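A short write-up of the structure that comes next.
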Amino acid sequence: MQRLLACLSQAGFASYPAFMRHALSEETAARAAQVSTQAAPAEMGRIRQGLSEVIADQQVMVGDFERLRILPTNMRILASRLEPSGGPVGAISDIYLMISSDIFAKVGAFALGEGALCQRMSERFEQAAFLMTCAALQAEVAAQARVEAATGALAGSGFEAEAEVACLADLGLQYHKIAAAALDEAMALAGTIHDASQDLRRAMLSLETITVMGRVESARIGAAGLRINDTINQLHNGNVVIGKRLSNMNDLARTLTSGMRQIQDVYLHAGPDPRPARG
């Protein structure tokens, strides 16, 4: 079992249930294409791709911040060797370190652990997709049972079509309700990711302002400040990379919200087939 879980992890699945949900959805999509049903909206594939991208961006961004955090300390060490002229640069590096530590704490709440927003959004969407798929398959089974009961094909089989179809309809309604709630939560999380990435982008602008101050002070020192300026360039480049990544996550969150709303409008609002058995 451990080997199986390890293989699934390498393939990008967080757990065996996550793999099962994906496998069922893919199988249903392939089947829907063959029999021309609408059991698996094409939008689901695009959403899954977007979810993979936003989770990957989130993970890389954490690494970007980790690499960035050591640079102010390096700048402080270099500035200390140039005292007293390096004093202002040292103070600037301390300010950068303080603010970046606060931002990294926000990134941790945003991207790490059980509270990771992107992972939670993915889990809720996959839950909704799985239950929608189950409900669609149950509706097909119920419809077929109605046909067979109406034509007398089940006569003498002992199969209680009315009771079975009623049970399937009840389960379908339950799945529909849970799927709708899960999709609502996934959309809410996408909105939270959008807002959080916007807030982090604004915070990154404050760090860029500090790097400009550091650049001015290192230039004032003259040739002795060249090494400090190299570190400041690394800070600037890191800020730019993280800013672009946050912008991409912001765009992805907006796209995901739009895609999930389409599924909500096309699939969930239609609801499961509640008709009782006939015949």
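A few comments on the model shown:
- The fewest-to-most ranking of Ile232, Ile221, Ile242 by surrounding Cβ atoms within 10 Å reads Ile221, Ile242, Ile232.
- For the chain, the spread of Cα positions along the three principal axes, ordered from largest to smallest, is 99, 39, 28 Å.
- Using C-alpha pairs under 8 Å with a sequence gap of at least 6, the mean separation divided by the residue count of the stretch 46-268 gives a relative contact order of 31 percent.
- Cβ-based net charge around Tyr96, under 13 Å, with every Lys or Arg adding one and every Asp or Glu removing one: -1
- Cβ-based charge dipole, the chain, positive-most Cα from Gly90, Leu51, Cys134: Gly90
- Taken as Cα centroids, the stretch 56-98 and the stretch 201-257 sit 11 Å apart, rounded to the nearest whole angstrom.
No lab work stands behind these numbers, since they all come straight from the coordinates. All values reported here derive from a predicted model rather than from experimental measurement. Backbone-built Cβ (ideal geometry, glycine too); neighbour counts: all protein chains shown.
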